[in-house]
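Accompanying notes for the structure given below.
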Amino acid sequence: MARPFRIGTRGSPLALTQANLARSLLAAAHERDASAFEIVPIRTTGDRVQDRPLAEIGGKALWTKELDRALIEGEIDCAVHSMKDVETIRPSAIVIAAILERADVRERLLGASSIEALPLGAAIGTSSPRRAAQMRRMRPDLRIVPLRGNVDTRIAKLTTGEADATLLAAAGLERLGRGEVGVALPIETMLPAPSQGAIGIEVRASDADARALVGAIDHADTHACVMAERALLAALEADCHSPVAAHARFEGGVMVLAAQLLSEDGAEHVTGSLSGHDGITLARALARDLIERAPAAVCARFGSCDAA
């Protein structure tokens, strides 16, 4: 009897929900029973260390390095990730075989009916440099307090008064069956993180069978948009400290890529958008445009400014 195809994932409720979604899609695409696909939870450093901002203790690699090791060493056959948590530069032994159709990219505000309704000096709980800078840009009076953990942990911290409000990705809340929590913010108000709302599945580059099996559930438009957003990050030489937002979408068969770079305190920012048919070329052109126009305080967090 053939062993199940092993799907590696973090062990958080959201990560397991996403892995089970991938399993369901794979089973349906290949007309197999779900038992042909085994979920293998792997505890990551990012899950273990919850008391410090991610950027201070190793960045996005804290979500991926244990899964990378398990995949490369053959303990799992694929790894399911929230794409916004995956570093821009990946090991050459690993490839992104599929990106699932994107869910709601918006942010949801918890703790107030709107950004304007937040009390003067309210404490916003977030460990995201992007969210912190965006909130400071709109409301310089707000205080930013570190807040990490899964969805339930962060919501609980609001009830205990550690923060007055927080922001969570709408996609994650919806996948957990909690899409009614908080208030959705239009992307015109708060542009999301690059790759927000997208689930990616990686396999070993040398495993042709796994690439074909997983590739059957790839959503081409989402894949193209996410890769454009990731190419923008690469061109900017952004890291986990860089306050950057980006969103690509198709309009009438043409990709539109929008982005925002901010200073850490949100006092200065630069925005731009371009449209075209090649997402990678588009991303590089938009990165050049943004860096050329970025104030010094914004450039401080982007390596490509050094070469501009």
Practice task
Starting from the amide H of Ile144, placed 1.01 Å from N in the peptide plane, find each other amide H under 5 Å away whose residue is 5 or more places distant or on another chain.
Solution key: Ile124
Completion exercise
Percent antiparallel among DSSP beta bridges confined to the chain, nearest 5, equals 75 percent
Handout entry: Acute angle (nearest 10 degrees) that the helix 61-72 long axis makes with the longest principal axis of the chain, alpha-carbon atoms
Key = 10 degrees
Fill in the blank from the handout: Among Ala212, Ala248, Pro295, the residue whose Cα sits farthest towards the positive end of the charge dipole of the chain, when +1 is placed on the Cβ of each Lys and Arg and -1 on the Cβ of each Asp and Glu, is Pro295
Problem - Cα gyration tensor shape for the stretch 107-185, rounded if a/c is under 1.5, else prolate or oblate - result: prolate
Problem - Distant-in-sequence amide H partners of Val40 (H built 1.01 Å from N, under 5 Å) - result: Ile7, Gly8, Thr9
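Take each of the peptides 196-204, 255-263, average the number of other beta-carbon atoms within 10 Å over its residues, and list them starting from the highest.
Values: 196-204: 25.3, 255-263: 22.7.
Answer by packing, highest mean first, reads 196-204, 255-263.
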Problem - Nearest-ten-degree value, helix 220-236 long axis tilted from longest Cα axis of the chain - result: 50 degrees
Handout entry: Test item: Cα-centred dipole of the stretch 107-185, Lys/Arg +1 and Asp/Glu -1 on Cβ, debye
Key = 300 debye
Completion exercise
Of all C-alpha pairs within the stretch 230-303, those more than 18 angstrom apart amount in percent to 33 percent
Exercise for the section: With +1 on each Lys and Arg Cβ and -1 on each Asp and Glu Cβ, and nothing else charged, work out how big the dipole of the chain is about its Cα centre, in Debye to the nearest 20. Expected result: 400 debye
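Viscosity 0.890 mPa s, temperature 25 °C: give me the Stokes-Einstein translational D for the chain in µm²/s, with Rh taken as the Kirkwood radius over C-alpha pairs.
The estimated diffusion coefficient comes to 123 µm²/s.
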Completion exercise
Output ordering of 166-176, 268-278 (per-residue mean of other Cβ within 10 Å, highest first) is 166-176, 268-278
Completion exercise
Expected unfolding gain across Arg32-Ile280 under the 0.36 nm per residue rule, minus the alpha-carbon gap, is 85.7 nm
Practice task
Please list 66-79, 147-160 highest first by mean number of surrounding beta-carbon atoms within 10 Å per residue.
Solution key: 66-79, 147-160
Fill in the blank from the handout: Measuring from the longest principal axis of the C-alpha atoms of the chain, the long axis of helix 13-29 (C-alpha) lies at a number of degrees, nearest 10, equal to 40 degrees
Practice task
Kindly provide the Kirkwood hydrodynamic radius of the stretch 132-227 in Å, to one decimal, from all pairs of distinct alpha carbon atoms.
Solution key: 16.4 Å
Completion exercise
Over the chain, the sum of -39500 (n - 2.57) across DSSP H runs of at least four, divided by residue number and rounded to 500 deg cm²/dmol, gives at 222 nm -10000 deg cm²/dmol
Handout entry: Globularity ratio of the stretch 64-204, using Cα Rg and 2.2 N^0.38 Å
Key = 1.17
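Any read-out appearing in this document is the output of simple, stated calculations on the displayed coordinates, not a laboratory observation. No experiment lies behind these values; they were computed from the predicted model shown. Cβ sites come from the backbone with ideal geometry, for glycine too, and all protein chains shown count toward neighbours.
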